[in-house]
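Sharing a structure with you now.
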Amino acid sequence: MPKLPRIAPLIALLAAIAVLVAGLVMIAYEERAYAVQKTDEATVQARILASTVAAAVFFGDREAAQEYVEATRANPEAQAVAIYDAQGRLFVGYSRDGAEPLSVSLDTARPTRDAGALRVLTQITQADTFLGTVYLQAGIEPISRRLQRYGAVGMLVGMAALVFLVLGLTQRTLARQAASLAAANEELRKQILQREQVEAALRQAQKMEAIGQLTGGVAHDFNNILHVIIGNVESMQRRIAGNDIRRSDAAFVRLTEAALRAAERAATLTSQLLAFSRRQPLAPKALEVNRLVAGMSDLLRRTLGETIGIETVLAGGLWRISADPNQLESALLNLAVNARDAMPGGGKLTIETANAHIDETYARSEQDVSAGQYVMIAVTDAGTGMSKDVMAQAFDPFFTTKEVGRGTGLGLSQVYGFVKQSGGHVRIYSEPGEGTSVKLYLPRLASEPTSEEEARAAQPAPGGEELILVVEDSEDVRANTVSMLRELGYGVIEAADGTEALRQLQAQPRIRLLFTDVGLPGMNGRELADEARRRRPELSVLFTTGYARNAIVHNGKLDPGVELIAKPFSFPVLAAKLREVLERVPS
Amino acid sequence: MGRLAHRRSGKAAVILLGSLFGLLCGAPAARAQDTAVEYAVKATYLYKFVPFVQWPAAAFAAPDSPVILCVVGGGGFSEVLARAVSGETIEGRPVLSRSLPAVAADSGCHVLYTAGSATQSVAQGLAAVQGRPVLTVTESLPAAGAKGIVNFVLADNRVRFEIDNQAAAENGLLISSKLLSLAVAVKPRS
């Protein structure tokens, strides 16, 4: 603020005082001028009277003198007029009602001036001869009357002073208001900025959601198709192995292997798409991240090649998390691949773990982040880094800065989808030319560790002879599944929907396991399972789905006690999972 | 007399204040006493006219030359006058009274009071100073013969005066309007 507004009230006050003083001086001057004027008037009148009355006095003509004196009554201000002879004795005169009576001797009539009256004495002379004295008492306006006259001036002066004061005060108030207004404006600007940030975050989230829905839908349909392809190709291979087809036809073997590899790559892509759309069925387990990272070192070293060194900074006392280990490995691998591609001339990759807290303030400023305890995994490279624009799109599926054919544009999308689906948070920090650091925050697991998961090893799962009820609305998928189960030696009963399944269940008490798709027309898989369990509590249930957005998956996690195998599933995985479920005692 | 305008303006009511000497009650038995009072009043008046009259400069030899009041006839008036003006000065001029059997143009009078003497009648006296700077004062009853510039009259038992301003002008005198205003009648200058 400039200096003026601050001293403006002082200036206004001084101006007001100056105006008041000027007004008082004016009144005092006016008062004095008034007195002088009145004295002059009275003196002049007395002189005129002295001149005209001279002969009458000299000749002792009281009657004539009285007439002269009476003539002054025309002047309303003349209160008392008298003529004293040369000896000082009262000659003639009058005194109006209310005025002081005339003194008989000149000695007591003095020229004075007081609040109410003005008295003047003038000598009567003729040709240097002293003939007598004129005494004139003129009334002057009482001070109250004069003050009334000055009242107008006083009021103007007062108003001017008031105007100055009001101006000064207004100036001060305005300055204060301007200051508070500026503060309010600043506050508003901040809020607008904040809102813009939040809106940008929201738009980003909405975009991700929309893309996720799209990709999720496409991936789901593709999964079903891939399921059939993979199942059939695997079936062909098993027949080759079982000599159903001539072993010598090596070309045929290579063809089926190539077809299977391609189908599996496609399955990987769809699973990444599903991961991004957060509809990939997750099988979260209690994890020790440090152990997982250490276990990946071989894989990472092979992936990154010799020119890139790996450094791991693993925090002690790291909390456990609950996450799907396969997906977490995929995520870390994806990040490592990106880091490698960012460092074509070699460099160092750092994987760091630490316990982290996300506080309320930070959580509020970001979309879809909740405060709490997390385990942070940071994957940092010293590569080319990325610009802000690139960073903004980095998580978008199919967005890639790599040359055509090298990247799918799904790596970071998978990371993003997986972390979000796991209730975590991911953040990229990057400076062009400096490098990139991607930090994953995965929520801490609150419960105590269970040793059960650790011991599970992937054993070659043999088949079985139990009777299995397969419920699947898609005929191709059902046929493929049935064929797999039969190869494993199981007895199979088919149903296309929940109603038929329940009827079969009723008719066949030997059924040991319900293998059902989650997404069924009418009664869904979850409802079917609940009803079946109600009728047959000992019944084992295995769900399958290519699309997890449904009844059994909440926030991307399975309900406890729910067994699920994700489509597309391979023969050995299905065999193992079936044994696992069948051998577990139903709760 | 037809030319004498009787004035009844306020100031024209000349009232001789008997209170100075007593009362003019108009008792016929006190005639002698009345005369004495009249003499005193007239004597006072005579020199009191002086400040209201302006003589030509040539009328006085020097600034302190005396003002000479001449009396022709009038019985004991001259003595009364002599007592009244004794020691008086007007405008730094001593006032002298002179009693003359007859007046002439070169008598050196500034004021002439004539009541007529054995050797010179009123009319002769007035004629003698005709055209000279002399304030002539006479006393005559209304309608009576020769009158001076100032003419005492008795009205309502009070001494009053008439002024012939035309005659004053002829004698080179200027009479103050203040005095004119006190006259009972003024014959204006033509």
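The values are calculated or read from the model by the stated rules, or taken from the named source; none is laboratory data. Predicted, not measured: the structure shown is a model, and the values here were computed from it. Because the Cβ atoms are built from the backbone with ideal geometry, glycine has one as well, and the counts that use them run over all protein chains shown. For the accessible areas, the whole protein counts, side chains as well, though only heavy atoms, and no ligand, DNA or RNA atoms are used. Shrake-Rupley method; radii C 1.70, N 1.55, O 1.52, S 1.80 Å.
Can you pull out every residue in region A:486-508 that is under 19 Å from A:LEU578 (Cα atoms) and either free of Cβ contacts under 8 Å to residues at least 12 places away in the same chain or surrounded by fewer than 22 Cβ atoms within 10 Å (Cβ to Cβ) (or both)?
Within region A:486-508, A:ARG486, A:GLU487, A:LEU488, A:GLY489, A:GLY491, A:VAL492, A:ILE493, A:GLU494, A:LEU505 qualify.
I need the full set of residues from region B:49-94 which are among the hydroxyl-bearing types (Ser, Thr, Tyr) and either within 25 Å of B:SER121 (Cβ to Cβ) or within 11 Å of chain A (Cβ to nearest Cβ) (or both), in order please.
Hits for region B:49-94 are B:SER78, B:THR89.
Now for a separate question. Would you be able to tell me the number of residues in region A:91-113 that are more than 14 Å from chain B (Cβ to nearest Cβ) and either under 19 Å from A:VAL44 (Cα atoms) or open to solvent by less than 60 Å² (accessible area, probe 1.4 Å) (or both)?
13
While we're here: Considering only strands (runs of 3 or more DSSP E) fully contained in region A:299-408, which possess at least 1 residues that are in contact (Cβ under 8 Å) with a residue 12 or more places away in the chain and farther than 26 Å from A:GLU434 by Cβ?
Answer list for region A:299-408: A:321-323, A:347-358, A:372-381.
Right, next: Would you mind stating whether A:THR133 is at pLDDT 85 or above, away from chain B (no Cβ under 14 Å) and either surrounded by 14 or more Cβ atoms within 10 Å (Cβ to Cβ) or touching a Ser or Thr at 6+ places or on another chain (Cβ under 9 Å) (or both)?
When the stated conditions are applied, A:THR133 passes them.
So, A:GLY88, is that one within 14 Å of chain B (Cβ to nearest Cβ) and on the phi > 0 side of the Ramachandran plot or not?
no
Provide a single number: the residues in region A:509-556 that are exposed (fewer than 13 other Cβ atoms within 10 Å of the Cβ), modelled with pLDDT under 85 and touching a Leu at 6+ places or on another chain (Cβ under 8 Å).
0
If you check A:VAL233 against the conditions, is it part of a helix (DSSP H, G or I), open to solvent by less than 60 Å² (accessible area, probe 1.4 Å), without any contact (Cβ under 8 Å) to a residue 40 or more places away in the chain and under 16 Å from A:PRO568 (Cβ atoms)?
Criteria met by A:VAL233.
Okay, next question. Scan region A:50-73 and give yes if some residue there is more than 14 Å from chain B (Cβ to nearest Cβ), of a type in the set (A, V, I, L, M) and open to solvent by 30 Å² or more (accessible area, probe 1.4 Å), otherwise no.
No, that holds for no residue.
Tell me, yes or no, whether region A:44-54 has at least one residue that is free of Cβ contacts under 8 Å to residues at least 40 places away in the same chain, more than 28 Å from B:LYS48 (Cβ to Cβ) and out of contact with any Leu (no Cβ under 9 Å at 6 or more places or on another chain).
Among the residues of region A:44-54, not one is free of Cβ contacts under 8 Å to residues at least 40 places away in the same chain, more than 28 Å from B:LYS48 (Cβ to Cβ) and out of contact with any Leu (no Cβ under 9 Å at 6 or more places or on another chain), which makes the answer no.
Please give the helices (runs of 4 or more DSSP H) falling wholly within region B:95-190 in which 3 or more residues are aliphatic (A, V, I, L, M) and more than 14 Å from chain A (Cβ to nearest Cβ).
Because the criterion is at least 3 residues that are aliphatic (A, V, I, L, M) and more than 14 Å from chain A (Cβ to nearest Cβ), the helices (runs of 4 or more DSSP H) in region B:95-190 that meet it are B:122-128, B:165-170.
Could you check A:ALA18 against (1) out of contact with any Ser or Thr (no Cβ under 9 Å at 6 or more places or on another chain); (2) within 14 Å of chain B (Cβ to nearest Cβ); (3) open to solvent by 40 Å² or more (accessible area, probe 1.4 Å) and say which number it fails?
A:ALA18 satisfies all of (1) out of contact with any Ser or Thr (no Cβ under 9 Å at 6 or more places or on another chain); (2) within 14 Å of chain B (Cβ to nearest Cβ); (3) open to solvent by 40 Å² or more (accessible area, probe 1.4 Å) except (2).
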